[in-house]
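Q: My structure is below; once you've seen it, I'll send some questions.
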Amino acid sequence: MADGVVSPATAVKTPLRIGAGLLVCAAAFGTAARPADAETKILTVGPSGIFQYRTIGAAVAAADADSNPNSYYDIQVAPGTYVNDFSVVTRPMTVEVDPRRAGSPVLLEATVSLPNQKGIILTFASLTVDGLTFMGAMIDNSLGGNGAGIRDQNTAAGATLIVRNSVFTKNQEGILTGDDTGETIAVTNSKFENNGNPDPRYFQHALYVNHAGRLTVVDSLFCGQLIGHDIKSRALVTSIENNQIYDGEGYAAVGCRAGSSSFAIDIAEGGSAVISGNRIVQGPATQNNKIVAYGEEGLPFGNNGLSLSNNVFINSAPNATGIYDPKCVPVHLTNNTFQGVATPVNPSGCAVYK
């Protein structure tokens, strides 16, 4: 199948005038969140001439090339399959399913190695994504083997990555972010299914947030991950609430394999973490009998704390540990259920029950 919806056709004419190149424009208006007084301009993407653009990449490039700092772009995509339609975002924008067709599938499918060696969408600016499915992101193992649905390399103060109602499936990595200690990342009502790199030398994750100000994951599903973790966070503040997470256990109802993931949740460098209202299922295919890990790579932050409430841990793997807390930061536990979990907290003396 050709690139784009139907063919790699160039965009049809649009009333917008295109400014200078990508890097010049990015420098002109910055890459943080949407300005409060910005004017929203809508670009449409779809398979016929009634739409301004045939590909998402062409619409993103047009938005990037506008040098007006008071413009904010909302790229609205008609349902359909967009094959090898790659985008580089250099100014704040939204990419979403056409709101009039919300709930209909928009599939961004990669069938070739990512040409930018990063992601189906590679962003250097604040980005909101709503209602998209990312499939097949991959790069050669010699390049890291970590092709992502969304790769975020923003470094701006006040940056945001907001992902809603989206699906990440059969990618090496679902979402991968870089180092921006002030960035806010929020994932809501999304699914991460059957991702990962099958080569055991390449340890990829469904959702991997490097140093950030805050990560929030709400009402989402994680299952079928190979080798890496379902959620890995190095954010200063991490909140994981009301999700379903399957770690080495299949979920046939949605087509998820058992996978071979390690931790269900890894809060690798501590910080302030709240884990609440989740259903976490660990099965025998897991590569690690520890379900949640906190601070096992150190505690670089001045403020550390871990609170778990109203979670259900269900385990069928041998000798399972619910929460692994090697630095013994007090683990505050309220109304959690541990089924088949041999050791709820290790070391046990680090648990504070309320």
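The values are calculated or read from the model by the stated rules, or taken from the named source; none is laboratory data. Not measured: the values here are computed from a predicted model. Cβ sites come from the backbone with ideal geometry, for glycine too, and all protein chains shown count toward neighbours.
Q: Of the numbered conditions (1) over 26 Å from residue 153 (Cβ atoms); (2) surrounded by fewer than 24 Cβ atoms within 10 Å (Cβ to Cβ); (3) in contact with a Lys or Arg (Cβ under 9 Å, 6 or more places away or on another chain), residue 245 fails exactly one; give the number of that condition.
A: (2)
Q: Further, regarding this structure: Is it true that some residue in the range 192-203 is more than 22 Å from residue 293 (Cβ to Cβ), out of contact with any strand residue (DSSP E or B) (no Cβ under 6 Å at 6 or more places or on another chain) and in a loop (DSSP other than H, G, I, E, B)? Spell out the reasoning first.
A: Residues of the range 192-203 that are more than 22 Å from residue 293 (Cβ to Cβ), as a first pass: 193-194, 198-199.
Subsequent filtering for residues that are out of contact with any strand residue (DSSP E or B) (no Cβ under 6 Å at 6 or more places or on another chain) retains 198-199.
Checking which are in a loop (DSSP other than H, G, I, E, B) leaves us with 198-199.
Yes, the range 192-203 contains a residue that is more than 22 Å from residue 293 (Cβ to Cβ), out of contact with any strand residue (DSSP E or B) (no Cβ under 6 Å at 6 or more places or on another chain) and in a loop (DSSP other than H, G, I, E, B).
Q: Pick from 253, 186, 235: which is more than 11 Å from the chain's Cα centre (by Cα), of a type in the set (Gly, Ala, Ser) and surrounded by fewer than 24 Cβ atoms within 10 Å (Cβ to Cβ)?
A: The match here is 253.
Q: Let me ask another. List the strands (runs of 3 or more DSSP E) inside the range 297-354, counting only whole elements, that have at least 2 residues being surrounded by 18 or more Cβ atoms within 10 Å (Cβ to Cβ).
A: Numbers: elements: 305-309, 312-315, 321-324, 331-334, 337-339, 343-346, 351-353.
It comes to 305-309, 312-315, 321-324, 331-334, 343-346.
Q: Ok, one more. Name the residues in the range 54-97 that are of a type in the set (Phe, Trp, Tyr) and more than 29 Å from residue 158 (Cβ to Cβ), would you?
A: 82
Q: Now for a separate question. Which residue out of 159, 78, 102 is surrounded by 24 or more Cβ atoms within 10 Å (Cβ to Cβ) and either in contact (Cβ under 8 Å) with a residue 12 or more places away in the chain or among the β-branched types (Val, Ile, Thr) (or both)?
A: None of the others qualify; the one that does is 159.
Q: Another question, then. Just to be sure I understand, how many residues within the range 209-225 are buried (at least 22 other Cβ atoms within 10 Å of the Cβ) and within 17 Å of residue 191 (Cα to Cα)? Steps first, answer last, please.
A: Step one: list which residues in the range 209-225 are buried (at least 22 other Cβ atoms within 10 Å of the Cβ), which gives 209, 212, 215, 217, 220, 222-225.
From what is left, the residues that are within 17 Å of residue 191 (Cα to Cα) are 209, 215, 217, 220, 222-225.
Total meeting the criteria: 8.
Q: On the given criteria, is residue 88 touching a helix residue (DSSP H, G or I) at 6+ places or on another chain (Cβ under 8 Å), buried (at least 24 other Cβ atoms within 10 Å of the Cβ) and either among the acidic types (Asp, Glu) or modelled with pLDDT of 95 or more (or both)?
A: no
Q: Right, next: With the checklist (1) under 17 Å from the mean Cα position of the chain (by Cα); (2) surrounded by fewer than 19 Cβ atoms within 10 Å (Cβ to Cβ) in hand, flag the one item residue 149 doesn't pass.
A: (2)
Q: Output the residues belonging to the range 72-85 that are in contact with a helix residue (DSSP H, G or I) (Cβ under 8 Å, 6 or more places away or on another chain) and either assigned to a strand (DSSP E or B) or under 19 Å from residue 163 (Cβ atoms) (or both).
A: Selection gives 73, 75, 76, 77, 79, 82, 85.
Let's see how each residue does on (1) closer than 27 Å to residue 172 by Cα; (2) among the basic types (Lys, Arg):
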| residue | (1), (2) |
| --- | --- |
| 257 | yes, yes |
| 262 | yes, no |
| 273 | yes, no |
| 325 | no, no |
| 328 | no, no |
| 338 | no, no |
| 344 | no, no |
| 350 | no, no |
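Q: For the range 98-176, please list each of the strands (runs of 3 or more DSSP E) lying entirely inside it that holds at least 3 residues being at positive phi.
A: By residue number, no strands (runs of 3 or more DSSP E) qualify.
Q: Quick one: residue 65 ticks every box in (1) of a type in the set (Gly, Ala, Ser); (2) buried (at least 24 other Cβ atoms within 10 Å of the Cβ); (3) in contact (Cβ under 8 Å) with a residue 40 or more places away in the chain except a single one, so which number is it?
A: All conditions are met except number (2).
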